[in-house]
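Take a look at the structure set out below.
Derivation of every value follows stated rules applied to the coordinates shown; laboratory data play no part. What you are looking at is a predicted structure, and each value in this text was computed from that prediction instead of being measured. Glycine gets a Cβ as well: all are built from the backbone with ideal geometry, and neighbour counts include every protein chain shown.
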Amino acid sequence: MDINELIAIVKKKIKSQIVTEEINIEDKSFLHKNHPGNQKDKFHLKISIKSNELSNMSRIESNKKIYKILEEELKSKIHSLQLLIIK
């Protein structure tokens with residue numbers, strides 16, 4: 001799986017379970033390039049989401065919801081996830 005396929009899957013999964021006004025997903029894998037434990041087939045994603053639904057939750061609740069949605073990808077394809085909830 002390449003990064004574009006992963007981004008498409010992540011975006012589709014989030015949009016199917018959270019009402020979003022805007023979602024932007026960036027590949028930040030270069031940030032982990034020389035880190036110990038870095039694997040070439042795992043990615044670092046930055047997800048920026050504008051969502052009234054998530055904005056009305058605590059930061060912990062909104063992060064838990066996203067992590068639950070992406071549980072499978074976090075186990076197999078995502079090394080690191082950076083979340084930004086935009087109000």
Honestly the chain on the Cα gyration tensor test (a ≥ b ≥ c root eigenvalues; a/c under 1.5 rounded, otherwise a/b vs b/c for prolate or oblate) is just prolate
Quick one: which residues, 5+ away or cross-chain, put their amide H under 5 Å from the amide H of LYS28? H built at 1.01 Å from N. HIS44, LEU45, LYS46
Just to be sure I understand: of the beta bridges DSSP finds with both ends in the chain, what percent are antiparallel, rounded to 5? 45 percent
Relative to the longest principal axis of the chain, what angle (0 to 90°, nearest 10) does the C-alpha long axis of helix 59-69 take? 60 degrees
Burial ranking of peptide ranges 14-21, 74-81 (average Cβ count within 10 Å, highest at the top): 74-81, 14-21
Whichever lysines have a C-alpha closer than 20 Å to that of LYS13, once near sequence neighbours (fewer than 8 apart) are set aside: LYS28, LYS42, LYS46, LYS50, LYS64, LYS65, LYS68, LYS75, LYS77
Using the alpha-carbon atoms, what tilt in degrees (0 to 90, nearest 10) does helix 3-17 show relative to the longest principal axis of the chain? 20 degrees
